[in-house]
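Structure first, commentary second.
The values are calculated or read from the model by the stated rules, or taken from the named source; none is laboratory data. Worth saying up front: this structure is predicted, and the values here are computed from it rather than measured. Reconstructed Cβ throughout: ideal geometry from the backbone, glycine too, with neighbour counts over all protein chains shown.
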2 protein chains.
Amino acid sequence: MSRPRNDNFLRALFREPTDFTPVWLMRQAGRYLPEYCETRKRAGSFLKLCKSPAMACEVALQPLARYDLDAAILFSDILTVPDAMGLGLYFTEGEGPKFERPLREEWAIRDLSVPDPYDHLRYVMDGVSEIRRALGNSVPLIGFSGSPYTLACYMVEGGSSSDYRRVKTMIYDRPDLMHRILSVTADAVCAYLNAQIESGAQAVMIFDSWGGGLSAAAYQEFSLQYMQRIVSGLIKKKDGERIPSIVFTKGGGLWLESIAGIGCDAVGLDWTIDLGEARRRVGHQVTLQGNLDPNVLFAAPEIIAVEAKKILDSYGPGDSGHVFNLGHGISQFTPPEHVAVLVETVHDYSKNLRIKI
Amino acid sequence: MSRPRNDNFLRALFREPTDFTPVWLMRQAGRYLPEYCETRKRAGSFLKLCKSPAMACEVALQPLARYDLDAAILFSDILTVPDAMGLGLYFTEGEGPKFERPLREEWAIRDLSVPDPYDHLRYVMDGVSEIRRALGNSVPLIGFSGSPYTLACYMVEGGSSSDYRRVKTMIYDRPDLMHRILSVTADAVCAYLNAQIESGAQAVMIFDSWGGGLSAAAYQEFSLQYMQRIVSGLIKKKDGERIPSIVFTKGGGLWLESIAGIGCDAVGLDWTIDLGEARRRVGHQVTLQGNLDPNVLFAAPEIIAVEAKKILDSYGPGDSGHVFNLGHGISQFTPPEHVAVLVETVHDYSKNLRIKI
């Protein structure tokens with residue numbers, strides 16, 4: 001096995017020189033694409049789409065057929081791990097994910113155990129292999145998981161929450177129970193990501209969607225600590241190639257130095273931090289991934305180009321260490337043709353920047 | 001006129017020595033108090049409660065009857081200004097505030113004008129006078145308003161939003177229109193706060209609930225700039241006493257230095273920033289207000305005490321420059337007896353800290 005033909009994404013993560021700034025978009029296989037909506041309709045439900053390796057592969061490849069993206073990402077849900085732990089994931093129209101059996105009793109928390117990723121999560125591994133096969137030698141495939149804290153939020157709340165009251169109450173009142181949940185979940189996520197790597201993922205990303213809602217001290221203890229444990233336990237090399245890891249805490253800009261210190265190769269950034277400032281703070285240590293406000297994609301094409309160039313200018317000179325992305329998942333209301341403008345601008349403008357150096 | 005008997009809140013804002021760390025809570029007059037729910041029921045609706053100076057006064061004083069709080073705050077809604085601008089504020093059960101006539105057309109934006117606070121907002125000024133009279137010489141009264149950007153979010157979206165898609169689209173696509181909205185709204189807020197000061201408010205606070213969702217650059221241009229304009233235009237002295245101002249951008253921790261630089265006396269902090277770190281960054285320049293996670297109030301009383309002490313310890317030695325508060329409004333589900341524990345702990349522990357110095 002060797003690197004894909006377009007390995008700029010991997011090179012950026014390894015801080016090797018790149019030909020241009022690589023770009024991919026969080027949630028790039030999603031509802032803004034009519035072909036995605038069609039496949040989803042055919043699948044019958046979002047969960048059935050996730051659980052069918054063939055259809056998950058189909059939608060994972062759709063954005064790459066349209067745009068010159070530099071990486072593919074596994075199509076799956078972030079809540080597959082707690083589902084495999086027996087909590088019973090389901091979706092209701094307009095309300096997002098829910099669990100049939102949220103963690104409300106001490107015995108249920110004590111009973112938690114690490115699921116075998118090749119058993120209950122077989123469909124994910126089959127999806128990874130199938131996408132990897134379909135990609136051939138074109139671009140790298142990213143595997144992913146939710147962070148232990150983010151998963152715990154759903155596991156304890158039973159679904160989305162506006163205030164995370166239950167999970168915060170447990171953090172402050174019963175930190176022992178919260179640590180038990182996080183500990184088992186961290187081990188489960190680590191095994192899950194390693195199985196994805198064994199199945200063909202060439203990089204992995206941990207999505208910490210809700211860690212940014214914690215206090216500075218609680219973030220270290222209840223989110224970052226467990227992401228560090230996962231990163232330490234990840235397979236570092238496969239078939240002679242290093243497997244890089246990306247950690248993304250939405251709203252984590254204040255804690256950048258400590259995130260960059262957990263041993264990951266790259267840190268994802270939302271749009272609230274200036275990319276140049278982030279580079280000055282931690283860019284010597286990790287690659288930075290981000291950080292355009294996804295709402296920019298609602299503006300006119302010429303504005304999208306201007307804002308994309310601002311991000312590249314803010315990162316500044318250099319031929320590596322930056323992966324362009326949005327600061328959050330792409331909105332379902334995004335006009336698909338606007339994404340083409342973004343991807344082209346990132347490639348063209350960053351190529352020109354490299355010539356100038 | 002002279003300062004109230006308990007002027008520790010004002011002294012903390014002026015960086016004069018205090019006897020203990022003063023404490024008040026955002027949304028301290030609210031649904032967690034059964035007596036508030038009773039008055040609200042009697043009023044018939046939240047809006048009627050806001051618009052009745054007598055009942056607004058009644059609920060503003062309720063938390064002070066229960067707890068030894070060091071400041072009262074005007075009871076009102078943050079959306080009174082756009083309502084007075086003709087947008088038609090209304091509330092629907094469970095969905096929060098909405099506007100009958102959101103800003104969707106260019107002509108409507110061009111037509112906006114600054115409302116006379118003594119005309120359409122007379123009920124607010126009457127409320128301020130009435131609360132001030134009822135407080136007698138006990139503790140200071142805080143007036144407040146939403147920030148121009150936060151008001152604009154509601155004015156453009158027509159209500160709450162999960163992604164601020166409309167307002168962001170306007171920012172990127174038609175910044176001229178957004179600046180027009182913000183400019184008129186900033187002048188309206190300034191006149192509104194000055195009228196509150198003339199009516200008896202002894203300090204004012206600007207709540208920027210949604211500025212934290214902007215990119216670093218957009219925050220400066222579309223939120224902070226207009227708060228600076230307001231702060232510059234505020235009445236600085238009334239009856240020989242300085243009137244201090246507090247600016248609070250939820251999620252603004254990354255931009256602390258620039259917020260502290262706009263001329264306000266204090267900066268409000270949410271719980272995501274370590275208070276000690278905030279003090280090191282800007283504590284020489286402004287007073288800091290905050291920053292306990294409101295969810296701590298769901299924990300057992302002894303845990304609440306521990307967490308409150310952590311905040312005071314994090315701020316560190318010194319006899320001024322800190323006003324204790326939550327990092328966000330108190331939750332409606334908070335057990336009222338837990339608030340008593342918090343207030344007592346802040347007073348007792350900070351008194352002891354001062355003795356030790």
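Tell me, please, whether a residue that is of a type in the set (A, V, I, L, M, F, W, C), surrounded by fewer than 20 Cβ atoms within 10 Å (Cβ to Cβ) and within 11 Å of another protein chain (Cβ to nearest Cβ) can be found in the stretch A:229-251.
Looking for residues that are of a type in the set (A, V, I, L, M, F, W, C), surrounded by fewer than 20 Cβ atoms within 10 Å (Cβ to Cβ) and within 11 Å of another protein chain (Cβ to nearest Cβ), one finds none in the stretch A:229-251, hence no.
On the basis of being in contact with a strand residue (DSSP E or B) (Cβ under 7 Å, 6 or more places away or on another chain), under 20 Å from B:ARG27 (Cβ atoms) and of a type in the set (Gly, Ala, Ser), does B:GLY321 make the cut?
no
Out of A:VAL286, A:VAL341, which single residue is more than 22 Å from the chain's Cα centre (by Cα), closer than 23 Å to A:ALA72 by Cα and of a type in the set (A, V, I, L, M)?
The unique qualifying residue is A:VAL341.
Is it fair to say A:ILE109 is more than 23 Å from A:ILE243 (Cα to Cα), outside any loop (DSSP other than H, G, I, E, B) and at pLDDT 95 or above?
Yes; evaluated as a whole, the condition is true for this residue.
Being in contact (Cβ under 8 Å) with a residue 60 or more places away in the chain and not hydrophobic (A, V, I, L, M, F, W, C) is the filter; apply it to the stretch B:175-193 and report the residue that is nearest to the other protein chains (Cβ to nearest Cβ).
For the stretch B:175-193, the residue satisfying everything is B:ARG180.
Looking at the stretch A:278-334, which of its residues are in contact with a helix residue (DSSP H, G or I) (Cβ under 9 Å, 6 or more places away or on another chain), in contact (Cβ under 8 Å) with a residue 40 or more places away in the chain, under 23 Å from B:MET170 (Cα atoms) and assigned to a strand (DSSP E or B)?
Within the stretch A:278-334, A:LEU292, A:LEU326 meet the criteria.
Please pick out the residue among A:PHE9, A:PHE75 that is among the aromatic types (Phe, Trp, Tyr), within 26 Å of A:ILE311 (Cα to Cα) and under 18 Å from the mean Cα position of the chain (by Cα).
A:PHE9
One residue is enough: does the stretch B:290-301 have a residue meeting the conditions within 19 Å of B:ALA203 (Cβ to Cβ) and away from chain A (no Cβ under 14 Å)?
No; the residues of the stretch B:290-301 include none that is within 19 Å of B:ALA203 (Cβ to Cβ) and away from chain A (no Cβ under 14 Å).
Considering only residues that are part of a helix (DSSP H, G or I) and within 14 Å of A:MET26 (Cβ to Cβ), which ones fall in the stretch A:40-80?
A:ALA60, A:PRO63
For residues in the stretch A:198-210 being more than 14 Å from the chain's Cα centre (by Cα) and crowded, with 20+ Cβ neighbours inside 10 Å, which is farthest from A:LEU135 (Cα to Cα)?
Here the residue is A:SER199.
I'd like to know if the stretch A:219-227 contains one or more residues that are within 11 Å of chain B (Cβ to nearest Cβ) and either touching a His at 6+ places or on another chain (Cβ under 6 Å) or not in a loop (DSSP other than H, G, I, E, B) (or both).
Within the stretch A:219-227, one or more residues are within 11 Å of chain B (Cβ to nearest Cβ) and either touching a His at 6+ places or on another chain (Cβ under 6 Å) or not in a loop (DSSP other than H, G, I, E, B) (or both).
What number goes with the only condition from (1) free of Cβ contacts under 8 Å to residues at least 60 places away in the same chain; (2) away from chain A (no Cβ under 14 Å); (3) outside any loop (DSSP other than H, G, I, E, B); (4) under 19 Å from the mean Cα position of the chain (by Cα) that B:CYS264 does not pass?
(3)
So which residues in the stretch B:217-228 are hydrophobic (A, V, I, L, M, F, W, C) and either without any contact (Cβ under 8 Å) to a residue 40 or more places away in the chain or surrounded by fewer than 16 Cβ atoms within 10 Å (Cβ to Cβ) (or both), if there are any at all?
Scanning the stretch B:217-228 gives B:ALA217, B:LEU224.
So which residues in the stretch B:142-173 are within 9 Å of chain A (Cβ to nearest Cβ), touching a residue at least 40 places away in the same chain (Cβ under 8 Å) and polar (S, T, N, Q), if there are any at all?
Correct list: empty.
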